[in-house]
Amino acid sequence: MTTTDASATHLLILNDHEPLAWVLENQRMAFPAGRTQQSLSLGKGDEILLYTTRGCFGNPTRDLGRVIGLATITSEVRTLDSPVLIQARRFTEGCRLRVHGLTPFREGVVLRDLVPDLQVFPDSKHWSFRMRRASLRLPEADATLIKRELQPLLKPYDAMVGDYSFKRR
């Protein structure tokens, strides 16, 4: 739960197509057991930038890590009544999202292109190390830059969610 701070913006890091499918289909986020501290940094009203890693669709030599969507957290993070099971992993906490828009499949903001300009990655040579988590809170200037690049690519959620067939392509 957040304090009285203004809303924040976070990268929601998705490294496989099945969790991505669940997030997009359910407009919810779930966190694995053991990530309680990290999940509590998210709060109702915070913005989420959906990020798919190079390996998300099963072909890291072809795909790039991209910011593909914009959402808002619409509920507090809480312990789920029933854990969500995805790929034999238990996700015990979660929150609701409202996905505002998505980019067309295999399009989006290539994050590595912006790394030299982002404060959240002070060591641009080893930036991907900071991405080994479920979410990453962004400084305001970083969020503004990424959203400025993302906005022209976004299409309405309802029009784009079907393009994410959730199969390895």
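Amide hydrogen proximity for L80: with H placed 1.01 Å from N in the peptide plane, the residues at 5 or more positions away or on another chain lying under 5 Å are E93, G94.
Within the accessible area of the stretch 16-152, what % is carbon and sulfur when the probe is 1.4 Å and the other protein chains stay in place? Percent of accessible area from carbon and sulfur atoms in the stretch 16-152: 46. Have a look at Q87, Q119, Q151 and tell me which one the Gaussian network model of the chain (Cα, springs below 10 Å) gives the largest fluctuation. Fluctuation is largest for Q87.
Given the options I73, I86, I48, state which has the largest fluctuation in a GNM of the chain using a 10 Å cut-off (strictly under) for Cα springs. Looking only at I73, I86, I48, the largest GNM fluctuation is found for I86. Looking at the chain alone, DSSP beta bridges between its own residues are antiparallel in about 85 percent of cases. Treating r as the C-beta distance of Q27 and M131 and R0 as 22 Å, the FRET efficiency rounds to 0.45.
Quarter the surface of the alpha carbon convex hull of the stretch 59-112 and you get the mean projected area, 5.4 square nanometres. In the full protein context, the stretch 43-159 carries 53 Å² of accessible surface per residue, based on a 1.4 Å probe and ignoring ligands, DNA and RNA. Of G69, G101, G55, the residue with the greatest mean-square motion in the GNM of the chain, using alpha carbon springs below 10 Å, is G55. A straight Cα-to-Cα reach below 16 Å connects K125 with the aspartates and glutamates D113, D117, residues fewer than 8 places away in its own chain not being considered. Once the chain from D113 to E76 is taken as fully extended at 0.36 nm per residue, the excess over their C-alpha distance is 10.1 nm.
Relative to a virtual label point 7 Å from the Cα of E47 in the Cα→beta-carbon direction, which members of the stretch 129-149 show backbone nitrogen distances below 16 Å? Of the residues in the stretch 129-149, 136-149 have backbone N under 16 Å from the label point off E47. Net charge within 13 Å of R98 by Cβ-Cβ distance, Lys/Arg positive one each and Asp/Glu negative one each, not counting R98 itself? Net of charged neighbours comes to 0. Each residue of the stretch 93-106 was assigned a 3J(HN,Hα) from its phi angle through the Karplus expression (A = 6.51, B = -1.76, C = 1.60, θ = phi - 60°), giving 10, x, 8, 8, 10, 10, 7, 7, x, 9, 7, x, 3, 6 Hz with x at Gly and Pro.
Qualifying trypsin sites (Lys or Arg not before Pro) in the stretch 18-115, where qualification requires a DSSP coil assignment and no more than 14 other C-beta atoms within 10 Å, comprise R62. Cα convex hull, the stretch 73-169: 153 Å³ per residue, rounded to a whole number.
The values are calculated or read from the model by the stated rules, or taken from the named source; none is laboratory data. The model shown is predicted, which means the values in this text are computed figures rather than measured ones. Here the Cβ is made from the backbone with ideal geometry for all residues, glycine too, and neighbour counts use every protein chain on show. Each accessible area value is taken on the protein alone, full model and side chains, heavy atoms only, with ligands, DNA and RNA left out. Shrake-Rupley method; radii C 1.70, N 1.55, O 1.52, S 1.80 Å.
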